[in-house]
Amino acid sequence: MPEKAIELTRHQTGAGGRWAADGRWLIPSFCLRQVMEVPASAAGAVINACKTDTAASGALLAPVDADTEVWAAGVTYLRSREARMRESDTADVYDKVYDAARPEVFFKCMGWRARGPCENIRVRRDATWNVPEPELGLVNNCAGEIIGYTAGNDVSSRDIEGTNPLYLPQAKVYDGACALGPAIVLCGAERMGQLPIVLSIVRGGETLFEGSTGIGQMKRSLEELVACLYQELTFPGGSVLLTGAGIVPGDDFTLTPGDRVTIKVGHLQLANTVDSTP
């Protein structure tokens, strides 16, 4: 049996966010960059050296620091390609990028903008077709090594992107459009290949949608996506890369305020309620 992976969480305290590992506080000065600046093989030792004996408490925040960059890849699953082609007036661009040598990669948010478990996500007030996108979030160090994963929600406005692909930043980047958590599971990509991803959406106590997929259904490898992101960019504090959505609700579905969205990646469960106010 493989050794149990370390799990990093970040909690709200009276002095701001504080990191913990496996349910125990890390020293107050710990930040994610300390793990990102060392080789992947040394990350566990850095964390263990910062552990205390005190149990962590407080609401869970997104497991990133304010300066962590969150990026995303798109059209990495066949299901995503099909959905994008149906929504778009220029459908051929999604068909081409699915098979192209270069994947679609775009900026999602800075860490300070990411929402954590139990915090609200949002739909744009100027959009009419909004969906959650459940994704594996790769946690990568400054050298581009994959050191762990988290669960992510790349909330998107399908009608805005569908009108014109150049509107993608507006469809993808706004307050409340990214949720991460509840933890970072420290492990290499070789332990992620069989991770299941599950999405459920509840409205008024009734389950409106349920779907599942797996990392094995992705068109591209995890290492390929990270290599593309790091090819011409440096990340001194590391990065999180959302790897695309393989679960897409039907074309007749749109999120509304009050909906409860739950995403499971492996054993991680990220749940958020939808709101429309900033």
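General observations
- Across the range 234-245, coupling constants 3J(HN,Hα) worked out from phi with the 6.51/-1.76/1.60 Karplus curve, θ = phi - 60°, read 10, 10, x, x, x, 7, 10, 10, 6, 9, x, 10 Hz, and Gly and Pro carry x.
- Each label point was placed 7 Å from the Cα along the Cα-to-Cβ direction; for residue 168 and residue 46 their separation is 3.0 nm.
- Pair residue 67, residue 27: separation of 7 Å Cα→Cβ label points (nm): 1.9 nm
- When you count the other C-beta atoms within 10 angstrom of each residue and take the mean per peptide, 246-254, 41-49 line up highest first as 246-254, 41-49.
- Neighbour-count ranking [beta-carbon atoms within 10 angstrom, fewest first] of 68, 243, 13: 13, 68, 243
- Volume per residue that the Cα convex hull of the range 7-61 spans, once the total is divided by residue count, Å³: 74 Å³
- Loop GluC sites (Glu not before Pro), the range 1-53 (other Cβ atoms within 10 Å of the site Cβ: 10 or fewer; DSSP): 3
- Residue order, fewest to most surrounding Cβ atoms within 10 angstrom, among 11, 267: 267, 11
- Distance from the Cα centroid of the range 1-47 to that of the range 167-191 is 18 Å (rounded to whole angstrom).
- Within a Gaussian network of the chain (alpha carbon springs, distance under 10 Å), most fluctuating of 211, 193, 16: 16
Only the coordinates and a few stated rules stand behind these numbers; no lab work does. No experiment lies behind these values; they were computed from the predicted model shown. Note that each Cβ is placed from the backbone with ideal geometry, even for glycine, and that neighbours are counted across all protein chains shown.
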